[in-house]
Amino acid sequence: MDTHLSADERANLLLKSLTLDEKIQLLHGTGDPHDGPADPLARDANGGSGYVPGLPEKGIPGLQIVDSASGVCYSAGSGRYSTALPSNIAAASSWDTDLAERYGAMVGHELRDLGYNMTLGGGVNLTREPRDGRTFEYEGEDPLLAGTMVGHLIRGVQSTHVIGHIKHFAVNDQESGRHAVSSEISERAMRETDLLAFQIGIGVGQPGAVMCAYNRVNGDYACENDFLLKTVLKDEWKFPGFVISDWLATHSTAKASHAGLDQEQPGNVFFGSALKLAVEHGEVRQAEVDDHARRVLRSMFAAGVVDDPPIKQVPDVFAHARLAREVAQKSIVLLRNENALLPLDAARAQRILVVGQNANKGMISGGGSAQVDPPGGNAIAPLPAGNHKQDWQKAVWFPDAPLASIQQAAPAAQVSFDDGTDAARAARAAAGADVVLVYAYQYAAEGIDLATLALPDEQDALIASVAKANPHTVVLLETGGPVLMPWIDQVGGVLETWFSGTAGADAIADVLFGKVNPSAKLPITFPVHDADLPHPKLVLPPPASQEDWSDEAKMSRKLLSGLPSFTTSYDEGLQVGYGWYDQQGKSVLFPFGFGLSYTSFTYSSLSITGKDTLRATFTLNNVGTRSGDEIAQVYVGLPKATGEPPKRLVGWAKIHLEVGKQAQVTVDLPKTRFMIWDTAQHRWAIAAGQYAIEVGPDSRRPALQANVSLSAE
Ligand code: GLC
């Protein structure tokens, strides 16, 4: 308990005083309720996603663990309140690391307020497959942006003395058959993409825990995968914390323990008495159990949960609602604005029509374990209870209604509403309006992939007919990720608002009426067609591997014993996201890094200096009519001989400029960002040759170019 000692020293001292039983108690949860009555030790659980009893006589608190990707989950269960921030991909659209830290800190404060000391947020699986139902929970398609943003989120959470976390390690890039699928991928591709996002996130965030994923990677389950957990995570990256399994993702005792799994969740099927037996039979060495326990203890000391345990209190509802609105304002991406239709001014927009099935009731959010219980309840009656699938993955609509926000933002205007269920009727109403706001939605949830990126429920037809009746139509997209827009040329404006959280409707109105100048940029490519994706057809699980949650206890047992495998081959390799569209020479609807503003910026005079860390210096000018923020991006094209896709993001800067002002911008480009993985030599390398540096507003409009030649390293 000596706070002058390091987390490692304190963990080692404490470990010496623990019995084998006490060590093993730290290595599993208190059982999944589906496996029968909850463990008597679970009596002190806090109502979250998982619980590990402490050893109070030794000063070790319990681990009160809960999902909190974009806000603390399950708060309604105990009549409590938690703030729903915009989804993680929305936060990624801000490219704003300070905002990411404040996002994480808010989640950390509310975790503590509600009695928790460990989060299960921090999802950073790269979007290789944008139909992945959890795209909303992740940070987009680029490893540098995704890893940096999730790393700062983790820093924010841990700044409040809560154990931070990152997931799902690794290559958990589709939801269909996620418990059975084996992600087949080359080592070089994995290291330069999916694993790189984790490597950067762990480096920036120093999370106390890494969650291993459900899926297999090249044949071996992620939670017993020696290459992932031992070779890469613990030996090469020197990760000091503990590997926690995804829920029911543990499938063995000795194999998982040897591979580097430290803690089984939510139950104790493999790491409870089975682990003790394995030690007694000499299958698992005492030293291995000690290492597992030491990692858990070390993370508890490092995060501060021993010295500064949470004290329950009412969350700061108002400050956190203001942050939710600010994050939404900074994550809304302006994709189209014909003839400066936006921002709306009250004089021109006298008659406003709001269209959308539930635009008079609320805004949709992402389903599954990241679902925050909506303050004020679900605005739309949830699907009939009972069926597990429908219940925990149900569509939840936050009761902040777009219609009310528009009425509040334009009190002098005549605002009418049409629920959009009859396209012809909506079109007739549109003809009589000065501007039409169509709130389109896409349901997405964990455990389910989207069949298509097209909007559901005939919304494309609705938008097309409304736009035909009135070209001053603005589409607001409440979606988990990219969507197809067959009507793009017929509408006047498009805003990607993502799942925008409990204050989303007001934030959208702030942007529509110009209180806020949009500055966000896409962390993910919007393709033109599903057929343009690396895998036009999603690989679906064979019947034997399908999930049937109608009998939860039976399904849980099936998962623990393992489902027959099938494979998804990521043979596009290094070509993730924009890498694919660039390499394949495909046009896209909106490129990675794209986003418009109500002002305009010019770039000039690029120079590259420095040796070990290159530095790009250029001038940015606000030549428009109002102040704004620009996310200036730096890409590099590696030498052809490396076989890399045409370009990769190597840095960015977000700059605020008043009208008519200019600034000299410098972006540091550490050489690590120019590396490739040399599989034969099993190490990172810099290839000799010419490197083409590009600076500009997005990945497809280089404004400035410069070449540097690097020698081999
Ligand atoms: C879920 C998810 C994981 C979540 C965990 C606990 O199945 O895969 O992201 O943290 O189980 O709810």
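The values are calculated or read from the model by the stated rules, or taken from the named source; none is laboratory data. All values derive from a computational prediction rather than experimental measurement. Here the Cβ is made from the backbone with ideal geometry for all residues, glycine too, and neighbour counts use every protein chain on show. The area values use the complete protein model at the heavy-atom level, side chains included, leaving out ligands, DNA and RNA. Shrake-Rupley method; radii C 1.70, N 1.55, O 1.52, S 1.80 Å.
For this structure, a couple of remarks:
- Between amide H atoms placed 1.01 Å from N, distances below 5 Å from Ser416 occur with Ile352, Leu353, Val354, all of them 5 or more places distant or on a separate chain.
- Estimated translational diffusion coefficient (Stokes-Einstein, Kirkwood radius over Cα pairs, 4 °C, 1.567 mPa s) of region 595-710: 86 µm² per second.
- Set of lysines with alpha-carbon distance to Lys558 below 25 Å, sequence-local pairs under 8 removed: Lys167, Lys255, Lys276, Lys389, Lys394
- Share of Cα-Cα pairs in region 332-524 lying beyond 24 Å, as whole percent: 35 percent
- By accessible area, using a 1.4 Å probe on protein heavy atoms only, region 537-627 has 51% of its surface on carbon and sulfur.
- Under 14 Å of direct C-alpha separation, and excluding same-chain neighbours fewer than eight residues apart, Lys521 reaches these aspartates and glutamates: Asp96, Glu139, Glu141, Asp142, Glu496, Asp629, Glu630, Asp698.
- Shown for region 595-710: lysine pairs separated by 8 or more places, or found on different chains, whose C-alpha atoms are under 23 Å apart, numbering 6.
- Accessible area (Å², per residue) of region 332-524, counting only protein heavy atoms and a probe of 1.4 Å: 33 Å²
- The spacing between region 1-74 and region 514-585, judged by their C-alpha centroids, is 33 Å.
- Shape class of region 93-191 from the alpha-carbon gyration tensor: prolate, with a/c at 1.5 or above and a/b greater than b/c.
- Per residue, region 642-682 exposes 49 Å² of solvent-accessible protein surface, assessed with a 1.4 angstrom probe and all protein chains in place.
- Entry note, region 595-710: relative contact order of 28 percent, from Cα contacts under 8 Å with a spacing of 6+ residues.
- Taking every C-alpha pair closer than 8 Å and separated by at least 6 residues, the mean separation divided by the residue count of the chain gives a relative contact order of 14 percent.
- Each Cα pair under 8 Å and six or more residues apart adds its sequence gap; the mean of these over the residue count of region 110-175 is a relative contact order of 45 percent.
- Note on region 7-303: along the principal axes its Cα atoms extend 50, 45, 39 Å, ordered by decreasing extent.
- Taking Cβ atoms as reference points and 12 Å as the exclusive limit, the residues near Glu192 contribute a net charge of -1, counting Lys and Arg as +1 and Asp and Glu as -1.
- Net charge contributed by nearby residues that have their C-beta within less than 10 Å of Gly514 (K/R +1, D/E -1): 0
- Placing Asp460, Asp418 in order of accessible area, with the largest value first and a 1.4 Å probe, yields Asp460, Asp418.
- Spatial separation of Cα centroids for region 209-242 and region 103-120, in angstrom: 26 Å
- Estimated from helices alone, the mean residue ellipticity of the chain at 222 nm is -7000 deg cm²/dmol (sum of -39500 (n - 2.57) over DSSP H runs with n ≥ 4, per residue).
- Listed by chain and number, the aspartates and glutamates whose C-alpha is less than 13 Å from the C-alpha of Lys16, apart from same-chain residues fewer than 8 away, are Asp8, Asp290, Asp291.
- Shown for region 1-80: the carbon plus sulfur share of the solvent-accessible area, taken with all protein chains present and a 1.4 angstrom probe, equals 57%.
- Cα pair distances in the chain, grouped into 20 Å bins until the bin that holds the longest one, percent each: 18, 52, 28, 3, 0
- Size of charge dipole - the chain - debye, nearest 20, with Cβ of Lys, Arg +1 and Asp, Glu -1, no other charges: 1160 debye
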